[in-house]
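J.: Dropping a structure here in structure tokens format, bear with me for questions.
The values are calculated or read from the model by the stated rules, or taken from the named source; none is laboratory data. Everything numeric in this text was worked out from a predicted model, so none of it was measured. Cβ sites come from the backbone with ideal geometry, for glycine too, and all protein chains shown count toward neighbours. The protein model used for the area step is the full one, side chains on, heavy atoms only, and it has no ligands, DNA or RNA in it. Shrake-Rupley method; radii C 1.70, N 1.55, O 1.52, S 1.80 Å.
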Amino acid sequence: MAEPAVSAHDVQCLVRRKDEIEAQIRACYELLEDQKGVGMSEPLVDAEGYPRADIDLYQVRTARHNIICLQNDHKAVMRQVEEALHQLHAREKEKRARDEAEAQAEAVSQNQSLPQPFARVNAVTPGSPASLAGLQVDDEIVEFGSVKAHNFQTLQNIATVVQHSEGKPLSVSVIRGGEKVHLGLTPKRWAGKGLLGCNIVPLQR
């Protein structure tokens, strides 16, 4: 059976437990300090081998015993904290990798769902109908009125649509920066030549 996942709250609890153990260890050491400063290893008998009368032997023994137990607990908790932090870190890394993989998969599926372009805009004259419609250099055309990738043969197809649509808005779709953009383009007479004022080149397929 899989172990339950460690949460940040679990780590906080472990750290609190560690702090409590450290406080108890300090209290025990203070108690030893009060008993004539006996530490963990000073003898509890006098030179004659009799139990020392100047200290509370029971308290000293209890404090020493508690310190040994608490230090073991402390080691165990420190191991748990380390393990929990390691698990959290590993899970964080896993989640990041998963998020990145999902984002990549989404980007790929978006690219796959983009229609096939058949021509590219390689020049747009400022102030022209194409420029006013928002057409930009490097836009890849996927739809120009009734012309789409499946029925496009030559640029004459586009020229024909333009001539028949003078003064009427045409629906134009392009791929720009990996996204599909819809534009309304009205071919018309303007100061420059042609009805569009842009240059379109077929894409090599």
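J.: Calculate, for Glu83 and Glu33, the FRET efficiency according to 1/(1 + (r/R0)^6) with r their C-beta to C-beta distance and R0 35 Å; round to the nearest 0.05.
T.: That pair, Glu83 with Glu33, gives E of 0.55.
J.: Something else about it: If each residue of separation counts as 0.36 nm, what is the full-extension length gain between His65 and Gln136 once their alpha-carbon separation is subtracted?
T.: 17.4 nm
J.: Could you tell me which of Leu155, Gly177, Ser128 has its Cα farthest along the dipole of segment 60-182 towards the positive end, charges placed at Cβ (Lys, Arg +1; Asp, Glu -1), taken about the Cα centre?
T.: Positive-most Cα among the choices belongs to Gly177.
J.: With a ≥ b ≥ c taken as the square roots of the eigenvalues of the C-alpha gyration tensor of segment 134-174, please select rounded if a/c is under 1.5 and otherwise prolate if a/b is larger than b/c or oblate if it is not?
T.: Note, shape of segment 134-174 comes out oblate.
J.: So with the 1.4 Å probe, I'd like the accessible area per residue for segment 119-202, rounded to whole Å².
T.: 53 Å²
J.: Which angle from 0 to 90°, rounded to the nearest 10, does the C-alpha axis of helix 155-164 make with the longest principal axis of the chain?
T.: Long axis of 155-164 versus the principal axis of the chain: about 70 degrees.
J.: Taking the Cα centre of segment 1-131 as origin, work out the dipole magnitude from +1 charges on Lys and Arg Cβ and -1 charges on Asp and Glu Cβ, in debye rounded to 20.
T.: 700 debye
J.: Taking the alpha-carbon set of segment 119-202, what are its Rg and Dmax in Å?
T.: Calculated on Cα positions, Rg and Dmax stand at 11.5, 34 Å.
J.: At q = 0.10, 0.18, 0.22 Å⁻¹, what log₁₀ I(q)/I(0) does a Debye calculation on the Cα points of segment 1-128 give, no solvent, two decimals?
T.: Rounded to two decimals, the profile gives -0.62, -1.01, -1.19.
J.: Where does the charge balance sit around His182 when Lys and Arg score +1, Asp and Glu -1, over other residues with C-beta under 13 Å from its C-beta?
T.: Computed value for this residue: -1.
J.: Go through segment 103-201 and name the GluC sites (Glu not before Pro) that are in a DSSP coil and have 13 or fewer other Cβ atoms within 10 Å of their Cβ.
T.: Answer in residue order: Glu166.
J.: Of the heavy-atom accessible surface of the chain (probe 1.4 angstrom), what whole percent is carbon and sulfur?
T.: 53 percent
J.: Right, something else. Extension gain Ala159-Ala107, at 0.36 nm per residue separation less the Cα-Cα distance, in nm?
T.: 15.3 nm
J.: Hey, another quick one. What does the helix-only formula give at 222 nm for the chain: each DSSP H stretch with n ≥ 4 adding -39500 (n - 2.57), the total divided by the residues, and the result rounded to the nearest 500 deg cm²/dmol?
T.: -17000 deg cm²/dmol
J.: Within 10 Å of each candidate Cβ there may be at most 12 other Cβ atoms; applying that plus a DSSP loop requirement, which trypsin sites (Lys or Arg not before Pro) in segment 63-112 survive?
T.: none
J.: May I ask you to order 169-175, 153-159 by the average number of other C-beta atoms within 10 Å around their residues, highest value first?
T.: My ranking of the peptides, most packed first, is 169-175, 153-159.
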